[in-house]
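S.K.: Input: one structure, supplied below.
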Amino acid sequence: MSEAEVAGAGDAIDGAHADPYEVRPLTAPPRATVSVPGSKSQTNRALLLAALAEGRSTLRGALLSDDSWVFVDSLRRLGFEVAVDEASVAIDVIGQGGRIPASEADLFIGNAGTAARFLTAFLPLGHGTYLLDGTPRMRLRPIGELLDALRILGADLEPIHGDGCPPVRVRAAGLPGGEVTLDASRSGQFLSALLMVGAYAARGLVVRPAGPVASPPYIDMTLTMMAQWGVATVHSDDGAYTIRAGQRYQACVYDVPPDASGASYFLAAAAVTRGTVRVRNLALATDQGDLGFVEVLERMGCVVARAGADIEVTGPERLRGIEIDLNGMSDMTMTLAAIAPFADSPVIIRNVAHIREQECDRLAATAAELRRLGAEVEEWADGLAIQPAALHGATIHTYDDHRIAMAFALPGLVVPGVRIANPACVAKTFPDYFTRLESLRRT
């Protein structure tokens, strides 16, 4: 989706349903070096931090995809000056030191979870009335825990349909702040959202997680980026996060590292084809929990090599089955599941119940599409057990979910007849994914 299309996209952001994309099996194991776009998680965090800072920040190597375009569009609607250089893959943001220039704005955030959570916490810092809405699927994605916490901190927010989901109306008059207990078991983004705006609350912020936090590595990413931009957080032994009022983010030049989630598909391609794939500069993605997928592949029998900042994976003759808790890198559930039938014993994935409330019910969708390919799958509330299987071709239903589409292209590299319905949905985070996947083909 282009920048121009986002501004008036409405529900059309779900993507035009193009003809299915047929993945052709590779004729030989790949020997390839690839680059992947910048991190979605870090691009959208950086956009918020840049808007909160005072003055011009430049994001180099930023991800330019649907999720980042809707965030850029929202900032512009809120009165921020944002310039995007597509040729150099850079974004300039003129931050306003915690102020929101516009007193009214209607924001459409598609199905971008980061935009929904981060902007919901950001809007109370303004002075005026704002409406945040998204696609039909976004209207089913709960953010009630975040709304409740923001109300305790003094914000005036109203889910229009009363169900704890977008659309949300915000009547903003600055955020008083204070202390709050937050349930972030559905999404760690609730906690990240509060932490990033906390320094601009009048009384600062103390937030205590109520139990386990989903995807904890992303909280570490948030704290690292906040510190890079000039705001310190104290994380005490009792689990509380404290952000002193009066701190301010400093405008800066920020280099967005490669997206480890996007890289996972290419490394998994090596694993399932017995090939070798190197991803440029992937070792720079140290703040991304999904970089841990490299170790998952190593446990499954792949050989991992590092050359400078590059990471290279070579697939074995046969993958080994594993049992693994993927809570810390839950986006890897689909990637691992898609290659699981090629292992020599079952692959068991646990502790990812929260992915049922993302772009689709990802556990149910993954199980359904594996079965469509001929795999035997047991599904339970928080995970899957996938048996070794000889797969056959099928048209994969993608549920307008970019990660289902990208992951289920992988079996097609070795199994004839795998077709991906609505391939355009990958534009959410990786617009040229299929072109780059074709680069694995040896000519």
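S.K.: Mind checking whether some residue in region 180-189 is over 23 Å from Q288 (Cα atoms), among the polar types (S, T, N, Q) and not in a loop (DSSP other than H, G, I, E, B)?
M.R.: There is at least one residue in region 180-189 that is over 23 Å from Q288 (Cα atoms), among the polar types (S, T, N, Q) and not in a loop (DSSP other than H, G, I, E, B).
S.K.: Let me ask you something else. All but one of (1) part of a strand (DSSP E or B); (2) at positive phi; (3) under 22 Å from the mean Cα position of the chain (by Cα); (4) not charged (D, E, K, R) hold for V93, so report the exception by its number.
M.R.: Every listed condition holds for V93 apart from (2).
S.K.: Something else about it: Which one is surrounded by the fewest Cβ atoms within 10 Å (Cβ to Cβ), of the residues in region 158-176 that are in contact (Cβ under 8 Å) with a residue 40 or more places away in the chain and part of a loop (DSSP other than H, G, I, E, B)?
M.R.: Applying the first criterion (in contact (Cβ under 8 Å) with a residue 40 or more places away in the chain) to region 158-176 yields 166, 168-175.
Narrowing the set further to residues that are part of a loop (DSSP other than H, G, I, E, B) leaves 166, 174-175.
On the way: P166: 25, G174: 16, L175: 25.
Filtering first and then ranking leaves G174.
S.K.: Another question about this same structure. Restricting the first residue to region 177-194 and requiring it to be under 13 Å from A116 (Cβ atoms) and in contact (Cβ under 8 Å) with a residue 12 or more places away in the chain, which pairs with a second residue that is surrounded by fewer than 24 Cβ atoms within 10 Å (Cβ to Cβ) and acidic (D, E) meet a Cβ separation below 7 Å and a spacing of at least six or different chains?
M.R.: Qualifying pairs under 7 Å: R186/E145; R186/E357; F190/E145.
S.K.: Looking at A50, A18, which one is at pLDDT below 95 and either assigned to a helix (DSSP H, G or I) or surrounded by fewer than 24 Cβ atoms within 10 Å (Cβ to Cβ) (or both)?
M.R.: On the way: A50 fails: at pLDDT below 95.
None of the others qualify; the one that does is A18.
S.K.: So, one more: Look at I348 and say whether it is surrounded by fewer than 19 Cβ atoms within 10 Å (Cβ to Cβ), touching a helix residue (DSSP H, G or I) at 6+ places or on another chain (Cβ under 6 Å), closer than 27 Å to R186 by Cβ and free of Cβ contacts under 8 Å to residues at least 60 places away in the same chain.
M.R.: So I348 fails the test.
S.K.: Taking T58 as the residue in question, decide whether it is out of contact with any Ser or Thr (no Cβ under 9 Å at 6 or more places or on another chain) and part of a loop (DSSP other than H, G, I, E, B).
M.R.: The answer is no for T58.
S.K.: Take the conditions part of a helix (DSSP H, G or I) and crowded, with 23+ Cβ neighbours inside 10 Å and apply them to A121. Does it pass?
M.R.: yes
S.K.: How about region 138-157: which of its residues are surrounded by fewer than 18 Cβ atoms within 10 Å (Cβ to Cβ) and part of a loop (DSSP other than H, G, I, E, B)?
M.R.: Listed by number, the residues that qualify are P142, G154, D156.
S.K.: Restricting to region 206-230, name every residue that is on the phi > 0 side of the Ramachandran plot and either modelled with pLDDT of 95 or more or of a type in the set (D, E) (or both).
M.R.: Looking only at region 206-230, we keep the residues that are on the phi > 0 side of the Ramachandran plot, and these are 211, 215, 230.
Answer for region 206-230, where residues must be on the phi > 0 side of the Ramachandran plot and either modelled with pLDDT of 95 or more or of a type in the set (D, E) (or both): just G230.
S.K.: Tally time: how many residues in region 190-215 are outside any loop (DSSP other than H, G, I, E, B), under 27 Å from D382 (Cα atoms) and among the β-branched types (V, I, T)?
M.R.: 1
S.K.: Mind listing just one residue for me: the one in region 316-332 that is out of contact with any helix residue (DSSP H, G or I) (no Cβ under 6 Å at 6 or more places or on another chain) and in contact (Cβ under 8 Å) with a residue 40 or more places away in the chain and, of those, surrounded by the most Cβ atoms within 10 Å (Cβ to Cβ)?
M.R.: The initial filter retains those residues of region 316-332 that are out of contact with any helix residue (DSSP H, G or I) (no Cβ under 6 Å at 6 or more places or on another chain), namely 316-318, 320-321, 323-325, 327.
Among the residues that remain, those that are also in contact (Cβ under 8 Å) with a residue 40 or more places away in the chain are: 316-317, 321, 327.
Values: P316: 14, E317: 7, G321: 19, N327: 23.
Looking at residues that are out of contact with any helix residue (DSSP H, G or I) (no Cβ under 6 Å at 6 or more places or on another chain) and in contact (Cβ under 8 Å) with a residue 40 or more places away in the chain, I get N327.
S.K.: Tell me, which strands (runs of 3 or more DSSP E) wholly within region 372-427 include 2 or more residues that are in the same structural domain as V23 (by TED's automatic domain parsing), in contact with a helix residue (DSSP H, G or I) (Cβ under 9 Å, 6 or more places away or on another chain) and buried (at least 22 other Cβ atoms within 10 Å of the Cβ)?
M.R.: Counting at least 2 such residues, we get 383-386, 418-420.
S.K.: In the list D290, D255, which residue meets the criterion of being among the charged types (D, E, K, R), crowded, with 24+ Cβ neighbours inside 10 Å and on the phi < 0 side of the Ramachandran plot? Can you show your working first?
M.R.: Numbers: D255 fails: crowded, with 24+ Cβ neighbours inside 10 Å.
Of D290, D255, the one residue that is among the charged types (D, E, K, R), crowded, with 24+ Cβ neighbours inside 10 Å and on the phi < 0 side of the Ramachandran plot is D290.
The values are calculated or read from the model by the stated rules, or taken from the named source; none is laboratory data. Remember, it's a predicted structure, so these values are computed and weren't measured experimentally. Glycine also receives a Cβ, built like all others from the backbone with ideal geometry; neighbour counts cover every protein chain displayed.
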